[in-house]
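Only the coordinates and a few stated rules stand behind these numbers; no lab work does. Every value quoted in this text rests on a predicted model; they were computed, and no experiment measured them. Neighbour counts run over all protein chains shown; Cβ positions are idealised from the backbone, glycine included.
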Amino acid sequence: MNDYPVIKGTSYTLAAAPDMVLYNGTTQTTERIVNPGSGYLEELPGHLREYGDVLSYIPNQVYIGNASHEELRGTEFPYYDKKWEAAKEDGPFGLIIPEDEFYGVMHICDVFELVALEQGFAQTVKEKLARRGMFTPEQLDGLLKHNGEAQELKRLVEEEHSEGLYLRGNELVGVVKRAHDVDVNLSAHVMLENLASKASNVISLIQLRLKNEFNPDDVEYVIDCCEEACGDMNQRGGGNFAKASAEIAGYRNATGSDVRGFCAGPAHAMLHAAALVKAGTFKNVVVTAGGCTAKLGMNAKDHVKKGLPVLEDCIAGFSVLVSADDGVHPQIRTDIVGCHKIATGSAPQMVISALVAEPLERAGLKFTDIDKYAPELQNPDITKPAGAGDVPEANYKMIAALAVMKKQLGRAEIPDFVKKHGMTGWAPTQGHIPSGVPYLGPLVRECLEGTTRRAMIIGKGSLFLGRMTNLFDGVSFVVQANEKAAEREKQAVEDEAVGNAAVGAATAQASRTVLSRGACPGIKIVFALEGSEHRAQEMERALQLAAAKGINAVICNGPDAHRAMEEELAAGKAQAAVTMHYPFPIGVSTVGKVITPARGRAMYIANTTGTSDTDRVSALVKNAIAGIIAAKADGVEHPTVGIANIDGARACAKILKGLKENGYDIRFAESARADGGVEMRGNDLLMGTADVMVMDSLTGNLMMKMFSSYTTGGQYEAVGYGYGPGIGEGYDKLVMIVSRASGAPVIAGAMEYA
């Protein structure tokens, strides 16, 4: 029986919080501790936006429904220097409120007399919030209680460890007091974070019932999926944000609980809600989340450095009503669910396969049967200047590449697939907020209008941040337009399954044909298979991954593998080679390519094997030049160079700076540490501060192994592009190195790097 839960309503809200960027964003609070007199902190206030600029920012208008994601795509990038002329506070999905009113909502949400506002300020905020029509008279009257004079608020900050609430940079208009003298879990810092999350959650829950036609008394269960935790020293994450927020928002008949999963939390929560409704346990369940003060201005250093306004200046929230099937609203297909299993692994291909390919295959659907994919919908205006690239676009390219692997798409069709099935991101970078769910509001509208038939919501999370596991995480689910005639939908699904079964058989046959001849049109690479620590199936899988990218790889096996490889290169039958070890002459060393974990940036490690020069400093200089060569050949037009803080680094930097002064195109990166400089520390490696990271071969080899296998325990290299090509004066062969521990994703990556 095709009776599925439906998405009956959504809401999305933003609270502009420029002063909370200064005082509560962890990038700034950390900087204030480690480098209190930094130029960054002095320059930062001049980059904060006015409320009018927040309103007219196009991605924000998309978030609350006044503009569409299609209109955002049609806007010339970047977006921060353009204004949406029809900007409004109120939208079809929710609203944007200013910081002073948000402080008032925090006071309303406080039930332990922890928030105190300056008395005159409280009166002003009460009048403003009264015009919103969101709160009861009793709640508004409560705004005038438990407040204080300006001098008392100042004393609480200076003597009682309270956290200040500020406007216009340094005007103290309120405080959040600590809830316990010694319990760090109830400190003023934690209470402010939690009350801000609760307040933004409450705004979204209220907007959900104001923007959609339902009675909040009919809601039986509420699930909170933010990334905060509340509790005391005996139970740090006991909860319960869901009931605490629903209480203030007027959901009197609901109970609830919290679901956590880092950025994947909302997708997990949606599945919980759908399962509860599908099982008949509850008829109406709300999934909801507030935002995060810690992430305010998270990438502000990069924005300020590049002369941009601070774009991470809003605390976001959302709510989604999941109900029993009404025959009208979009359905959540509880039978088409993808999940990242414990045994899945963390390689991008494995993750996308588990979340996208596997559930579609089980349902008899093709990649192109999904009209829109909604992964991490982060705003590229924020992430690109910070070096993280266009996150949604990267996800769409991975999905398209997997479709190519599955023979459901031609390689040349990837750009069209990305354009047709993808979207430009518009959500704030508040962890869980961008993770698929911002599209549910537009999706409901599109399904009801008949412009979208089927979409997939994808949530992914990095569990290692909690230091409990190195596992990756993710779940996905499909939402489809509601079929009013159950029998007609059943017949359509059956017909579709039959058709796709035939396509699947044809695809499998085509795949066998390609493997049997071992060739795909395009580049030809010879692969010397000798000494791998993995099974032959792993090598076959590497060839399949490479073939999906149009790379024709030929295996040379046996004791003479290297000789056969060299003959192929010498005869011009192959343009490049990939092998697991190779005796490069002195003067030739390799430049590896890795993906850094902090921001997912590519970084070139120069060098990883071989000896550029017998003199240490000369070798480092030549490694830097080789790294620049490799990066430019790989498409990085102006690579930046950083030097690992090792012996010889300063001497190397001096020589490179001299070369730059003499006209050589060398561009230096600045360390992300407060003291800056071209010498890079460990955090710079994790962040990918420089495009080219210069080091000696011993350190470089160690870094390659760490970056390639940090999620797998060291026995299987799962991420990256291998140890790279041998580069040296007069060396004219393109020989790429991988290690015996390299798995299929890295071997295929090395072929792509070639």
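Before moving on, here are some points about what is shown:
- Set of lysines with alpha-carbon distance to Lys278 below 27 Å, sequence-local pairs under 8 removed: Lys8, Lys211, Lys243, Lys341, Lys366, Lys372, Lys460, Lys484, Lys490
- In terms of its C-alpha gyration tensor, the stretch 275-402 comes out oblate, because a/c is 1.5 or above while a/b does not outweigh b/c.
- For the chain, alpha-carbon Rg over 2.2 N^0.38 Å: 1.02
- In the chain, a dipole from Cβ-located charges (positive for Lys and Arg, negative for Asp and Glu) runs towards its positive end, and of Thr293, Ile33, Thr451 it is Thr451 whose Cα lies farthest in that direction.
- For the stretch 268-365, the list of trypsin sites (Lys or Arg not before Pro) that fall in a loop by DSSP and count at most 14 other C-beta atoms within 10 angstrom reads Lys306, Lys341.
- Panel order for Met20, Met270, Met580, by other beta carbons found within 10 Å of each beta carbon, from fewest to most: Met580, Met20, Met270.
- Tensor-based shape of the stretch 160-254 (alpha-carbon gyration tensor, a/c under 1.5 rounded, otherwise prolate or oblate): oblate
- Over 21 Å [Cα-Cα, the stretch 585-730], rounded percent: 36 percent
- Cα gyration tensor shape of the stretch 35-149, rounded if a/c is under 1.5, else prolate or oblate by comparing a/b with b/c: oblate
- Percent antiparallel among DSSP beta bridges (both partners in the chain, rounded to 5): 55 percent
- Look at where the Cα atoms of the stretch 205-264 and of the stretch 37-56 average out, and the two centres are 32 Å apart.
- Reachable lysines, given that their alpha-carbon falls under 21 Å from the alpha-carbon of Lys657 and they are not under 8 places away in the same chain: Lys622, Lys632
- Mean-position separation - Cα centroids, the stretch 536-579 and the stretch 696-751, in angstrom: 16 Å
- Taking the C-alpha atoms only, the angle from helix 99-109 to the longest principal axis of the chain is near 70 degrees.
- Taken over the alpha carbons of the stretch 364-481 as equal point scatterers, the Debye sum produces base-10 log I(q)/I(0) values at 0.10, 0.14, 0.21 Å⁻¹ of -0.32, -0.63, -1.25.
- Calculation over all alpha carbon pairs of the stretch 542-662 in 10 angstrom steps from 0 returns a P(r) of 11, 32, 34, 18, 5, 0 percent.
- For Lys83, the lysines whose Cα falls under 22 Å of its own Cα, not counting residues fewer than eight places away in the same chain, are Lys306, Lys384.
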